[in-house]
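J.: Attaching a single structure in structure tokens format; questions to follow.
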Amino acid sequence: GAGVSQSPSNKVTEKGKDVELRCDPISGHTALYWYRQSLGQGLEFLIYFQGNSAPDKSGLPSDRFSAERTGGSVSTLTIQRTQQEDSAVYLCASSLALIQDSNQPQHFGDGTRLSIL
Amino acid sequence: KQEVTQIPAALSVPEGENLVLNCSFTDSAIYNLQWFRQDPGKGLTSLLLIQSSQREQTSGRLNASLDKSSGRSTLYIAASQPGDSATYLCAVDGTASKLTFGTGTRLQVTL
């Protein structure tokens with residue numbers, strides 16, 4: 001595709017429900033990143049994938065958050081038992097390779113705006 | 001822990017003016033620094049990436065400089081236009097591809 005695609009663009013759900021956010025990276029990009037953008041918190045790194053592997057999950061805010069990537073392409077970020085503080089815009093980015101390997105810029109999707117009632 | 005600060009937080013200038021946005025970071029051990037632009041309700045658009053070994057990058061009316069030893073970067077926008085109105089974010093990559101972002105400068109270019 002032309003760019004990073006995220007779905008849904010907006011999601012409103014009740015506290016306690018599980019949500020799944022999807023990211024389609026640019027074709028051929030091996031590295032994929034998830035960030036969260038909250039009011040008053042700025043942009044916060046969550047997790048990155050090199051291929052299907054996520055070497056460092058320490059950025060995930062709690063054990064209710066998980067992410068996976070299959071086939072070196074699509075990634076899903078799952079939030080279980082959502083809380084109101086999970087309300088934010090979740091952004092996905094991809095790059096040709098890990099930045100420190102090749103200094104490739106990250107290309108971002110438009111994000112999923114998540115609202116927990 | 002890396003901290004990134006951007007000043008000013010907001011800036012309003014008349015069309016045609018040249019302007020400078022500032023970014024500072026606390027840990028100079030970085031791979032690179034990126035400047036992004038974010039329009040309301042949209043994701044981030046990468047403007048310029050400066051590798052740690054470089055001192056500046058240019059793209060059109062944009063010029064970004066990097067002084068790694070002092071932990072500073074500037075984004076210079078020449079001959080500003082209303083279409084430049086957006087939030088500008090700088091981000092540094094210090095380890096394991098974790099971009100650490102500043103809180104941004106919200107720019108308004110008026111007619």
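The values are calculated or read from the model by the stated rules, or taken from the named source; none is laboratory data. Because the structure is a prediction, the values reported are computed rather than measured. Backbone-built Cβ (ideal geometry, glycine too); neighbour counts: all protein chains shown.
J.: Those residues that are outside any strand (DSSP E or B), in contact with a strand residue (DSSP E or B) (Cβ under 8 Å, 6 or more places away or on another chain) and either under 19 Å from B:Ala29 (Cα atoms) or at pLDDT 95 or above (or both), I need them from the stretch B:84-103; list them, please.
T.: Initial filter on the stretch B:84-103 (outside any strand (DSSP E or B)): B:84-85, B:94-98, B:102-103.
Still in the list and also in contact with a strand residue (DSSP E or B) (Cβ under 8 Å, 6 or more places away or on another chain): B:84-85, B:94, B:96-98, B:102-103.
If the condition is that a residue be outside any strand (DSSP E or B), in contact with a strand residue (DSSP E or B) (Cβ under 8 Å, 6 or more places away or on another chain) and either under 19 Å from B:Ala29 (Cα atoms) or at pLDDT 95 or above (or both), then B:Asp84, B:Ser85, B:Gly94, B:Ala96, B:Ser97, B:Lys98, B:Gly102 are the ones that fit.
J.: Separate question: State whether one or more residues within the stretch B:54-71 are touching a Lys or Arg at 6+ places or on another chain (Cβ under 7 Å), more than 30 Å from A:Asn10 (Cβ to Cβ), more than 9 Å from chain A (Cβ to nearest Cβ) and in a strand (DSSP E or B). Walk me through how you get there before you give the answer.
T.: Start the filter on the stretch B:54-71 by keeping residues that are touching a Lys or Arg at 6+ places or on another chain (Cβ under 7 Å), which leaves B:65-66.
Filter once more, so that each one left must be more than 30 Å from A:Asn10 (Cβ to Cβ): B:65-66.
Within this subset, residues satisfying the condition of being more than 9 Å from chain A (Cβ to nearest Cβ) are B:65-66.
From what's left, in a strand (DSSP E or B): B:65-66.
Yes, the stretch B:54-71 contains at least one residue that is touching a Lys or Arg at 6+ places or on another chain (Cβ under 7 Å), more than 30 Å from A:Asn10 (Cβ to Cβ), more than 9 Å from chain A (Cβ to nearest Cβ) and in a strand (DSSP E or B).
J.: Looking only at residues that are closer than 15 Å to B:Leu49 by Cα and among the aliphatic types (A, V, I, L, M) in the stretch B:78-111, which one is farthest from the other protein chains (Cβ to nearest Cβ)?
T.: Among them, the one singled out is B:Val92.
J.: Same structure again: Given the structure, is A:Pro61 surrounded by fewer than 17 Cβ atoms within 10 Å (Cβ to Cβ), within 14 Å of another protein chain (Cβ to nearest Cβ) and not small (Gly, Ala, Ser)?
T.: Numbers: surrounded by fewer than 17 Cβ atoms within 10 Å (Cβ to Cβ): yes; within 14 Å of another protein chain (Cβ to nearest Cβ): no; not small (Gly, Ala, Ser): yes.
Here the answer is no, as A:Pro61 does not meet what is asked.
J.: Checking B:Val109 against (1) over 30 Å from A:Gly51 (Cβ atoms); (2) within 10 Å of the chain's Cα centre (by Cα); (3) surrounded by 17 or more Cβ atoms within 10 Å (Cβ to Cβ), which test does it fail?
T.: Answer for B:Val109: the failing condition is (2).
J.: Considering A:Gly3, A:Gly51, which residue is among the small types (Gly, Ala, Ser), out of contact with any strand residue (DSSP E or B) (no Cβ under 6 Å at 6 or more places or on another chain) and modelled with pLDDT under 90?
T.: Working: A:Gly3 fails: modelled with pLDDT under 90.
Being among the small types (Gly, Ala, Ser), out of contact with any strand residue (DSSP E or B) (no Cβ under 6 Å at 6 or more places or on another chain) and modelled with pLDDT under 90 holds for just one of A:Gly3, A:Gly51, which is A:Gly51.
J.: Here's another thing I want to ask about it. Identify, please: which residue in the stretch B:27-38 is outside any strand (DSSP E or B) and surrounded by 13 or more Cβ atoms within 10 Å (Cβ to Cβ) and is, among those, modelled with the lowest pLDDT? Before you say what the answer is, go through the steps one by one.
T.: Here is the first cut: in the stretch B:27-38, the residues outside any strand (DSSP E or B) are B:27-31.
Now narrow it down to the ones that are surrounded by 13 or more Cβ atoms within 10 Å (Cβ to Cβ): B:27-28, B:30-31.
Details: B:Asp27: 92, B:Ser28: 91, B:Ile30: 90, B:Tyr31: 87.
Selected residue: B:Tyr31.
J.: Here are some residues: A:Asn103, A:Asn52. Which one is within 14 Å of chain B (Cβ to nearest Cβ), closer than 25 Å to B:Ser46 by Cα and free of Cβ contacts under 8 Å to residues at least 40 places away in the same chain? Give the steps one after another, and end with the answer.
T.: Values: A:Asn52 fails: within 14 Å of chain B (Cβ to nearest Cβ).
After applying the criteria, what remains is A:Asn103.
J.: Here's another thing I want to ask about it. Based on this model, can you work out whether B:Ser52 counts as surrounded by fewer than 21 Cβ atoms within 10 Å (Cβ to Cβ), farther than 25 Å from A:Val89 by Cα and out of contact with any Gly (no Cβ under 9 Å at 6 or more places or on another chain)? Even if it seems obvious, please write down each step before you answer.
T.: Details: surrounded by fewer than 21 Cβ atoms within 10 Å (Cβ to Cβ): yes; farther than 25 Å from A:Val89 by Cα: yes; out of contact with any Gly (no Cβ under 9 Å at 6 or more places or on another chain): yes.
So B:Ser52 passes the test.
J.: Out of curiosity, is B:Ser24 of a type in the set (Gly, Ala, Ser), within 14 Å of chain A (Cβ to nearest Cβ) and surrounded by 13 or more Cβ atoms within 10 Å (Cβ to Cβ)? I'd like the intermediate steps shown before the answer.
T.: Details: of a type in the set (Gly, Ala, Ser): yes; within 14 Å of chain A (Cβ to nearest Cβ): no; surrounded by 13 or more Cβ atoms within 10 Å (Cβ to Cβ): yes.
Considered against the rule, which asks whether it is of a type in the set (Gly, Ala, Ser), within 14 Å of chain A (Cβ to nearest Cβ) and surrounded by 13 or more Cβ atoms within 10 Å (Cβ to Cβ), B:Ser24 comes out as no.
J.: Select, from B:Gly41, B:Gly104, B:Gly60, the only residue that is among the small types (Gly, Ala, Ser), without any contact (Cβ under 8 Å) to a residue 24 or more places away in the chain and in contact with a Gly (Cβ under 9 Å, 6 or more places away or on another chain). Spell out how you get there, then give the answer.
T.: Working: B:Gly104 fails: without any contact (Cβ under 8 Å) to a residue 24 or more places away in the chain; B:Gly60 fails: in contact with a Gly (Cβ under 9 Å, 6 or more places away or on another chain).
After applying the criteria, what remains is B:Gly41.
J.: Just one of (1) more than 8 Å from chain B (Cβ to nearest Cβ); (2) under 21 Å from B:Asn32 (Cα atoms); (3) out of contact with any Leu (no Cβ under 9 Å at 6 or more places or on another chain); (4) not small (Gly, Ala, Ser) trips up A:Cys92, so point out which.
T.: Against the list (1) more than 8 Å from chain B (Cβ to nearest Cβ); (2) under 21 Å from B:Asn32 (Cα atoms); (3) out of contact with any Leu (no Cβ under 9 Å at 6 or more places or on another chain); (4) not small (Gly, Ala, Ser), A:Cys92 comes up short only on (3).
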